[in-house]
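Report on one structure; see the data block that follows.
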Amino acid sequence: IGDGRSVHALWCGHISLSNGAATGDHRGHQSGLEIDVRPARVDGAQLPVNYKDPQYDRAATQRLVDAFRGTGQVGAVYFNDPQISGVTPLAGHDDHLHVRLNR
């Protein structure tokens with residue numbers, strides 16, 4: 001996600017197992033249509049960050065959400081930063097975006 005000044009790598013977490021089985025505590029990741037994505041950091045480090053952390057890059061995360069939404073293929077994005085538009089808050093989503101694709 002570039003802003004002309006810096007580039008942020010995209011970190012993807014849980015998607016699904018090939019047999020559709022539940023992935024630990026991620027019950028919703030069985031269809032292959034859901035993915036967890038880490039929010040951007042201002043320092044570009046490939047480390048966890050939550051939206052309350054000083055290293056969290058809100059502007060880059062908003063661009064990421066906008067890019068997902070702009071595809072027309074995203075049904076929902078769950079994330080708890082109340083200043084990010086296009087997301088729905090959901091418990092346990094302070095440190096990652098849960099993106100649900102349309103079928």
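The values are calculated or read from the model by the stated rules, or taken from the named source; none is laboratory data. No experiment lies behind these values; they were computed from the predicted model shown. The protein model used for the area step is the full one, side chains on, heavy atoms only, and it has no ligands, DNA or RNA in it. Shrake-Rupley method; radii C 1.70, N 1.55, O 1.52, S 1.80 Å.
Descriptive notes on the structure:
- Near ALA40, the amide H atoms lying under 5 Å from its own belong to ASP57, THR61; only residues 5 or more places off or on other chains count, and H is placed 1.01 Å from N.
- Accessible-area ranking of ASP94, ASP81, largest first, probe 1.4 Å: ASP94, ASP81
- Rounded, prolate or oblate (a/c below 1.5 giving rounded, otherwise prolate when a/b exceeds b/c) for segment 41-103 by Cα gyration tensor: prolate
- Karplus 3J(HN,Hα) series, Hz, for segment 40-51 with 6.51 cos²θ - 1.76 cosθ + 1.60 (x for Gly, Pro): 6, 10, 5, 8, x, 5, 8, 10, x, 7, 10, 5
- ³J(HN,Hα), Karplus 6.51/-1.76/1.60, whole Hz, each residue of segment 92-97, x for Gly, Pro: x, 10, 7, 10, 7, 8
- Cut-off under 5 Å, modelled amide H: who pairs with LEU101 long-range: GLU34, ILE35, GLY75
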